[in-house]
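K.L.:
Pasting a structure here, questions to come.
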Amino acid sequence: MKDYVKDYFDRHAHAWVEAAYDEEVRFPVGAERVRLAIEGVAPAMRDGARLVDLGCGGGQLCVHAAKLGWRAVGVDNAPGMIEEARANAGDLELDWIIASYDESGLPSGELDAVTALGLVEYLPDDDGFFAEAARLLRPGGRLAVSCRNRLYNLLSANEYTAEETELPRLLAELRIALARAQPGELHALAESVAASADELERAAQADRDVPPPELHDHRRAFQRGRRQHTPRELDEAAAPHGLRAVEVLALHPHPLPPALEPLAPRTYNALARAWQRALERSPAGLAFSTAFVAVYERA
(Lines give C-alpha, C1' and ligand atoms only; values in the text may rest on other atoms or scores of the structure.)
Protein backbone atom coordinates (compact mmCIF):
# COMPACT_ATOMS: atom_id res chain seq x y z
CA MET A 1 0.00 0.00 0.00
CA LYS A 2 2.80 2.44 0.92
CA ASP A 3 4.54 2.10 -2.46
CA TYR A 4 1.22 2.36 -4.32
CA VAL A 5 0.31 5.59 -2.49
CA LYS A 6 3.69 7.17 -3.25
CA ASP A 7 3.52 6.16 -6.92
CA TYR A 8 -0.09 7.32 -7.31
CA PHE A 9 0.51 10.81 -5.92
CA ASP A 10 3.82 11.15 -7.77
CA ARG A 11 2.22 10.30 -11.14
CA HIS A 12 -1.00 12.28 -10.62
CA ALA A 13 0.33 15.21 -8.58
CA HIS A 14 -0.81 18.04 -10.83
CA ALA A 15 -4.21 16.52 -11.66
CA TRP A 16 -4.89 15.74 -8.00
CA VAL A 17 -4.02 19.24 -6.79
CA GLU A 18 -6.04 20.80 -9.61
CA ALA A 19 -9.10 18.72 -8.68
CA ALA A 20 -8.77 19.32 -4.93
CA TYR A 21 -8.59 23.10 -5.31
CA ASP A 22 -11.04 23.58 -8.20
CA GLU A 23 -13.75 25.81 -6.72
CA GLU A 24 -15.75 26.64 -9.84
CA VAL A 25 -18.01 23.57 -9.74
CA ARG A 26 -16.89 21.37 -6.86
CA PHE A 27 -17.01 22.07 -3.17
CA PRO A 28 -13.75 23.90 -2.20
CA VAL A 29 -12.69 21.11 0.13
CA GLY A 30 -8.97 21.83 -0.21
CA ALA A 31 -9.22 25.49 0.77
CA GLU A 32 -11.73 24.82 3.55
CA ARG A 33 -9.58 22.05 5.00
CA VAL A 34 -6.55 24.34 5.10
CA ARG A 35 -8.60 27.08 6.77
CA LEU A 36 -9.90 24.80 9.52
CA ALA A 37 -6.43 23.38 10.21
CA ILE A 38 -4.87 26.85 10.40
CA GLU A 39 -7.60 28.04 12.76
CA GLY A 40 -7.14 24.93 14.89
CA VAL A 41 -3.41 25.38 15.49
CA ALA A 42 -3.37 29.20 15.61
CA PRO A 43 -3.71 29.45 19.44
CA ALA A 44 -0.36 27.66 19.80
CA MET A 45 1.55 29.93 17.43
CA ARG A 46 3.98 32.42 18.98
CA ASP A 47 6.51 34.91 17.60
CA GLY A 48 8.73 32.96 15.22
CA ALA A 49 6.31 30.02 15.32
CA ARG A 50 7.27 26.86 13.43
CA LEU A 51 4.92 24.45 11.68
CA VAL A 52 5.36 21.23 9.70
CA ASP A 53 2.75 19.86 7.31
CA LEU A 54 3.11 16.09 7.00
CA GLY A 55 1.92 14.79 3.64
CA CYS A 56 1.96 18.38 2.38
CA GLY A 57 0.79 17.60 -1.17
CA GLY A 58 0.77 20.75 -3.27
CA GLY A 59 1.92 22.88 -0.34
CA GLN A 60 -1.18 25.06 0.05
CA LEU A 61 -1.19 24.93 3.84
CA CYS A 62 2.51 25.82 4.07
CA VAL A 63 1.98 28.75 1.70
CA HIS A 64 -0.90 29.98 3.85
CA ALA A 65 1.21 29.61 7.00
CA ALA A 66 4.11 31.54 5.48
CA LYS A 67 1.79 34.40 4.53
CA LEU A 68 0.77 34.58 8.19
CA GLY A 69 4.42 35.02 9.15
CA TRP A 70 5.00 31.49 10.40
CA ARG A 71 8.03 29.37 9.51
CA ALA A 72 6.78 26.29 7.67
CA VAL A 73 8.20 23.09 6.24
CA GLY A 74 6.35 20.61 4.06
CA VAL A 75 7.06 16.89 4.03
CA ASP A 76 5.82 14.51 1.33
CA ASN A 77 7.17 11.24 -0.01
CA ALA A 78 5.96 11.92 -3.58
CA PRO A 79 8.55 13.95 -5.56
CA GLY A 80 5.84 15.13 -7.94
CA MET A 81 3.92 16.67 -5.07
CA ILE A 82 6.99 18.52 -3.82
CA GLU A 83 7.46 19.90 -7.34
CA GLU A 84 3.89 21.19 -7.23
CA ALA A 85 4.51 22.68 -3.78
CA ARG A 86 7.64 24.54 -4.90
CA ALA A 87 5.76 25.95 -7.88
CA ASN A 88 2.86 27.06 -5.67
CA ALA A 89 5.21 28.71 -3.17
CA GLY A 90 6.78 31.08 -5.68
CA ASP A 91 9.21 33.38 -3.89
CA LEU A 92 8.07 32.51 -0.37
CA GLU A 93 10.77 31.15 1.93
CA LEU A 94 9.66 27.60 2.65
CA ASP A 95 11.46 24.32 3.21
CA TRP A 96 10.43 21.10 1.47
CA ILE A 97 11.49 17.57 2.39
CA ILE A 98 10.94 14.51 0.19
CA ALA A 99 10.40 11.79 2.76
CA SER A 100 7.83 9.67 4.50
CA TYR A 101 5.98 11.46 7.30
CA ASP A 102 8.06 9.62 9.93
CA GLU A 103 11.44 10.01 8.20
CA SER A 104 11.71 13.82 7.94
CA GLY A 105 14.78 14.09 10.17
CA LEU A 106 13.27 17.09 11.96
CA PRO A 107 14.33 17.55 15.62
CA SER A 108 12.15 16.48 18.52
CA GLY A 109 10.06 18.80 20.66
CA GLU A 110 10.70 22.05 18.78
CA LEU A 111 7.59 22.62 16.65
CA ASP A 112 4.61 24.73 17.63
CA ALA A 113 2.25 22.96 15.24
CA VAL A 114 1.94 19.81 13.16
CA THR A 115 -0.69 19.46 10.46
CA ALA A 116 -1.65 16.44 8.39
CA LEU A 117 -4.47 16.81 5.88
CA GLY A 118 -5.72 13.65 4.24
CA LEU A 119 -2.68 11.63 5.33
CA VAL A 120 -3.89 9.10 7.90
CA GLU A 121 -6.46 7.56 5.55
CA TYR A 122 -3.55 6.19 3.50
CA LEU A 123 -1.59 4.78 6.46
CA PRO A 124 -1.98 1.20 7.73
CA ASP A 125 -2.66 2.37 11.30
CA ASP A 126 -2.71 5.49 13.48
CA ASP A 127 -0.15 4.71 16.17
CA GLY A 128 2.97 5.57 14.20
CA PHE A 129 1.47 8.83 12.99
CA PHE A 130 0.50 10.06 16.46
CA ALA A 131 3.86 8.97 17.88
CA GLU A 132 5.65 11.08 15.27
CA ALA A 133 3.39 14.09 15.78
CA ALA A 134 3.94 13.92 19.54
CA ARG A 135 7.70 13.63 19.01
CA LEU A 136 7.82 16.76 16.88
CA LEU A 137 5.63 18.99 19.06
CA ARG A 138 6.74 21.07 22.01
CA PRO A 139 4.58 20.91 25.15
CA GLY A 140 1.50 23.01 24.44
CA GLY A 141 1.96 22.64 20.68
CA ARG A 142 -1.01 21.70 18.54
CA LEU A 143 -1.81 19.05 15.97
CA ALA A 144 -4.55 19.39 13.33
CA VAL A 145 -5.37 16.23 11.40
CA SER A 146 -8.11 15.70 8.83
CA CYS A 147 -9.86 12.35 8.43
CA ARG A 148 -12.59 10.74 6.42
CA ASN A 149 -15.68 10.74 8.62
CA ARG A 150 -16.93 7.24 9.32
CA LEU A 151 -20.05 8.59 11.04
CA TYR A 152 -21.25 9.85 7.67
CA ASN A 153 -21.66 6.22 6.57
CA LEU A 154 -25.02 6.32 8.36
CA LEU A 155 -26.39 8.81 5.81
CA SER A 156 -24.24 8.60 2.69
CA ALA A 157 -26.30 5.87 0.94
CA ASN A 158 -23.26 4.93 -1.12
CA GLU A 159 -20.69 2.12 -1.21
CA TYR A 160 -19.29 3.07 2.19
CA THR A 161 -22.73 2.57 3.74
CA ALA A 162 -23.08 -0.79 1.99
CA GLU A 163 -19.68 -1.94 3.28
CA GLU A 164 -20.13 -0.71 6.88
CA THR A 165 -20.15 -3.49 9.49
CA GLU A 166 -20.65 -1.50 12.70
CA LEU A 167 -23.69 0.68 12.08
CA PRO A 168 -25.12 0.31 15.63
CA ARG A 169 -21.85 1.51 17.20
CA LEU A 170 -21.63 4.45 14.80
CA LEU A 171 -25.23 5.34 15.52
CA ALA A 172 -24.56 5.36 19.25
CA GLU A 173 -21.61 7.74 18.85
CA LEU A 174 -23.52 10.03 16.50
CA ARG A 175 -26.54 10.20 18.81
CA ILE A 176 -24.26 11.29 21.68
CA ALA A 177 -22.81 14.01 19.45
CA LEU A 178 -26.20 15.22 18.24
CA ALA A 179 -27.44 15.50 21.82
CA ARG A 180 -24.91 18.33 22.27
CA ALA A 181 -26.27 20.40 19.37
CA GLN A 182 -27.80 23.77 20.26
CA PRO A 183 -30.81 25.61 18.78
CA GLY A 184 -28.61 28.52 17.76
CA GLU A 185 -26.65 26.24 15.44
CA LEU A 186 -29.79 25.43 13.46
CA HIS A 187 -30.74 29.11 13.44
CA ALA A 188 -27.30 29.84 11.94
CA LEU A 189 -27.89 27.22 9.25
CA ALA A 190 -31.22 28.77 8.28
CA GLU A 191 -29.62 32.21 8.11
CA SER A 192 -26.74 30.91 6.00
CA VAL A 193 -29.07 29.25 3.50
CA ALA A 194 -31.19 32.41 3.31
CA ALA A 195 -28.11 34.58 2.74
CA SER A 196 -27.05 32.23 -0.07
CA ALA A 197 -30.31 32.54 -2.00
CA ASP A 198 -28.81 34.56 -4.86
CA GLU A 199 -25.80 32.23 -5.14
CA LEU A 200 -28.08 29.18 -5.17
CA GLU A 201 -30.24 30.72 -7.92
CA ARG A 202 -27.16 31.50 -10.06
CA ALA A 203 -25.82 27.98 -9.53
CA ALA A 204 -29.11 26.40 -10.53
CA GLN A 205 -29.27 28.52 -13.68
CA ALA A 206 -25.66 27.63 -14.56
CA ASP A 207 -26.48 23.93 -14.22
CA ARG A 208 -29.44 24.41 -16.56
CA ASP A 209 -27.38 26.34 -19.12
CA VAL A 210 -24.16 24.29 -19.12
CA PRO A 211 -24.03 20.48 -19.00
CA PRO A 212 -22.57 19.28 -15.67
CA PRO A 213 -18.88 18.34 -16.02
CA GLU A 214 -17.60 14.90 -15.15
CA LEU A 215 -16.51 15.02 -11.51
CA HIS A 216 -13.21 13.50 -10.40
CA ASP A 217 -13.92 10.40 -8.32
CA HIS A 218 -10.92 9.79 -6.07
CA ARG A 219 -12.26 6.44 -4.89
CA ARG A 220 -12.20 4.98 -8.41
CA ALA A 221 -9.08 6.87 -9.46
CA PHE A 222 -7.09 5.77 -6.42
CA GLN A 223 -8.36 2.16 -6.75
CA ARG A 224 -7.57 1.23 -3.16
CA GLY A 225 -9.69 1.48 -0.05
CA ARG A 226 -9.03 4.43 2.24
CA ARG A 227 -9.42 4.29 5.99
CA GLN A 228 -12.15 6.17 7.82
CA HIS A 229 -12.38 7.33 11.45
CA THR A 230 -14.89 8.56 13.94
CA PRO A 231 -13.83 11.33 16.33
CA ARG A 232 -13.85 8.86 19.22
CA GLU A 233 -11.65 6.38 17.35
CA LEU A 234 -9.14 9.11 16.58
CA ASP A 235 -9.14 10.42 20.16
CA GLU A 236 -8.45 6.93 21.48
CA ALA A 237 -5.48 6.57 19.14
CA ALA A 238 -4.07 10.00 20.09
CA ALA A 239 -4.43 9.81 23.87
CA PRO A 240 -1.62 7.28 24.57
CA HIS A 241 0.83 9.73 22.98
CA GLY A 242 -0.03 12.60 25.31
CA LEU A 243 -2.29 14.38 22.84
CA ARG A 244 -5.38 15.95 24.38
CA ALA A 245 -8.48 16.43 22.20
CA VAL A 246 -9.36 20.13 21.77
CA GLU A 247 -12.09 20.28 19.12
CA VAL A 248 -13.61 18.54 16.11
CA LEU A 249 -14.54 20.57 13.02
CA ALA A 250 -16.92 19.12 10.42
CA LEU A 251 -15.73 19.39 6.81
CA HIS A 252 -17.41 18.99 3.40
CA PRO A 253 -21.11 18.67 4.19
CA HIS A 254 -23.53 16.80 1.95
CA PRO A 255 -27.07 18.07 2.64
CA LEU A 256 -28.29 15.55 0.01
CA PRO A 257 -26.96 12.05 -0.85
CA PRO A 258 -23.70 12.24 -2.87
CA ALA A 259 -25.25 10.28 -5.74
CA LEU A 260 -27.27 13.39 -6.62
CA GLU A 261 -24.24 15.68 -7.00
CA PRO A 262 -23.51 14.83 -10.68
CA LEU A 263 -27.06 15.83 -11.66
CA ALA A 264 -26.54 19.50 -10.76
CA PRO A 265 -23.07 19.92 -9.20
CA ARG A 266 -23.06 23.72 -9.01
CA THR A 267 -26.40 23.78 -7.21
CA TYR A 268 -25.44 20.88 -4.97
CA ASN A 269 -22.16 22.46 -3.88
CA ALA A 270 -23.58 25.96 -3.46
CA LEU A 271 -25.93 24.42 -0.94
CA ALA A 272 -23.00 22.58 0.68
CA ARG A 273 -21.09 25.85 1.02
CA ALA A 274 -24.05 27.38 2.84
CA TRP A 275 -23.93 24.48 5.31
CA GLN A 276 -20.15 24.47 5.86
CA ARG A 277 -19.52 27.48 8.05
CA ALA A 278 -22.92 27.33 9.73
CA LEU A 279 -22.35 23.81 11.07
CA GLU A 280 -18.58 23.23 11.06
CA ARG A 281 -18.35 23.73 14.83
CA SER A 282 -21.66 22.04 15.59
CA PRO A 283 -21.98 18.35 16.47
CA ALA A 284 -24.80 18.33 13.93
CA GLY A 285 -22.23 18.90 11.20
CA LEU A 286 -20.76 15.44 11.79
CA ALA A 287 -23.96 13.78 10.60
CA PHE A 288 -23.70 15.32 7.12
CA SER A 289 -19.96 15.77 6.49
CA THR A 290 -17.65 13.39 4.67
CA ALA A 291 -14.63 14.49 6.70
CA PHE A 292 -13.55 16.32 9.84
CA VAL A 293 -10.51 18.11 11.22
CA ALA A 294 -9.52 17.05 14.73
CA VAL A 295 -7.32 19.34 16.83
CA TYR A 296 -5.08 18.12 19.66
CA GLU A 297 -2.71 19.71 22.16
CA ARG A 298 0.58 18.19 23.33
CA ALA A 299 0.74 17.68 27.09
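K.L.:
Just to check your reading of the model, which residue among R226, R219 is charged (D, E, K, R), modelled with pLDDT under 95, under 16 Å from the mean Cα position of the chain (by Cα) and under 30 Å from A42 (Cβ atoms)? Reasoning before the result, please.
P.N.:
Details: R219 fails: under 30 Å from A42 (Cβ atoms).
None of the others qualify; the one that does is R226.
K.L.:
How many residues does the stretch 164-201 contain that are without any contact (Cβ under 8 Å) to a residue 12 or more places away in the chain and in a helix (DSSP H, G or I)?
P.N.:
13
K.L.:
Could you tell me whether any residue of the stretch 31-49 is surrounded by 24 or more Cβ atoms within 10 Å (Cβ to Cβ), closer than 24 Å to E110 by Cα and among the charged types (D, E, K, R)?
P.N.:
No: zero hits.
K.L.:
Within the stretch 232-242, restricting attention to residues that are in contact (Cβ under 8 Å) with a residue 60 or more places away in the chain and more than 19 Å from the chain's Cα centre (by Cα), which residue is nearest to E173 (Cα to Cα)?
P.N.:
So in the stretch 232-242, the residues in contact (Cβ under 8 Å) with a residue 60 or more places away in the chain come out as 233-234, 237-238, 240-242.
Pick out the ones that are also more than 19 Å from the chain's Cα centre (by Cα) and you get 240-242.
Numbers: P240: 21, H241: 23, G242: 23 Å.
Ranking the qualifying residues of the stretch 232-242, first place goes to P240.
K.L.:
Out of the residues in the stretch 90-119 that are surrounded by fewer than 21 Cβ atoms within 10 Å (Cβ to Cβ), small (G, A, S) and out of contact with any Pro (no Cβ under 9 Å at 6 or more places or on another chain), which is nearest to E32 (Cα to Cα)?
P.N.:
If we take residues in the stretch 90-119 being surrounded by fewer than 21 Cβ atoms within 10 Å (Cβ to Cβ), small (G, A, S) and out of contact with any Pro (no Cβ under 9 Å at 6 or more places or on another chain), then G118 is nearest to E32 (Cα to Cα).
K.L.:
Right, another one. Scan A239, A162, A190, A172 and give me the residue that is surrounded by 13 or more Cβ atoms within 10 Å (Cβ to Cβ) and either at pLDDT below 95 or not hydroxyl-bearing (S, T, Y) (or both).
P.N.:
On the way: A162 fails: surrounded by 13 or more Cβ atoms within 10 Å (Cβ to Cβ); A190 fails: surrounded by 13 or more Cβ atoms within 10 Å (Cβ to Cβ); A172 fails: surrounded by 13 or more Cβ atoms within 10 Å (Cβ to Cβ).
It is A239.
K.L.:
Let me ask something additional. May I ask you to list the residues in the stretch 243-260 that are touching a residue at least 60 places away in the same chain (Cβ under 8 Å) and among the small types (G, A, S)?
P.N.:
Keep residues of the stretch 243-260 that are touching a residue at least 60 places away in the same chain (Cβ under 8 Å), which gives 243, 246-247, 249-252, 254, 257-259.
Across the stretch 243-260, the qualifying residues are A250, A259.
K.L.:
Shifting gears a bit: Looking at E84 and the list (1) surrounded by fewer than 17 Cβ atoms within 10 Å (Cβ to Cβ); (2) touching a residue at least 40 places away in the same chain (Cβ under 8 Å), which single condition is not satisfied?
P.N.:
E84 satisfies all of (1) surrounded by fewer than 17 Cβ atoms within 10 Å (Cβ to Cβ); (2) touching a residue at least 40 places away in the same chain (Cβ under 8 Å) except (1).
K.L.:
Also, I was wondering about something else. Could you go through the stretch 266-281 and let me know if any residue there is over 18 Å from E39 (Cβ atoms) and in contact with a Lys or Arg (Cβ under 7 Å, 6 or more places away or on another chain).
P.N.:
Yes, the conditions are met somewhere in the stretch 266-281.
K.L.:
Answer yes or no: is there a residue in the stretch 15-28 that is aromatic (F, W, Y), at pLDDT 95 or above, surrounded by 21 or more Cβ atoms within 10 Å (Cβ to Cβ) and within 17 Å of the chain's Cα centre (by Cα). Outline the logic, then answer.
P.N.:
Narrowing the stretch 15-28 to residues aromatic (F, W, Y): 16, 21, 27.
From what's left, at pLDDT 95 or above: none.
No, the stretch 15-28 contains no residue that is aromatic (F, W, Y), at pLDDT 95 or above, surrounded by 21 or more Cβ atoms within 10 Å (Cβ to Cβ) and within 17 Å of the chain's Cα centre (by Cα).
K.L.:
Which condition breaks for V246 when tested against (1) surrounded by fewer than 21 Cβ atoms within 10 Å (Cβ to Cβ); (2) over 18 Å from A299 (Cα atoms)?
P.N.:
Condition (2) is where V246 drops out.
K.L.:
Go through the stretch 101-135 and give me each residue that's among the small types (G, A, S), in contact (Cβ under 8 Å) with a residue 60 or more places away in the chain and part of a loop (DSSP other than H, G, I, E, B).
P.N.:
Of the stretch 101-135, the ones among the small types (G, A, S) are 104-105, 108-109, 113, 116, 118, 128, 131, 133-134.
When the remaining residues are screened for being in contact (Cβ under 8 Å) with a residue 60 or more places away in the chain, the result is 113, 116, 118, 131, 133-134.
Answer for the stretch 101-135, where residues must be among the small types (G, A, S), in contact (Cβ under 8 Å) with a residue 60 or more places away in the chain and part of a loop (DSSP other than H, G, I, E, B): just G118.
The values are calculated or read from the model by the stated rules, or taken from the named source; none is laboratory data. None of the values given here were measured: they were computed from a predicted structure. Every residue, glycine among them, receives a Cβ derived from its backbone with ideal geometry; neighbour counts consider all protein chains shown.
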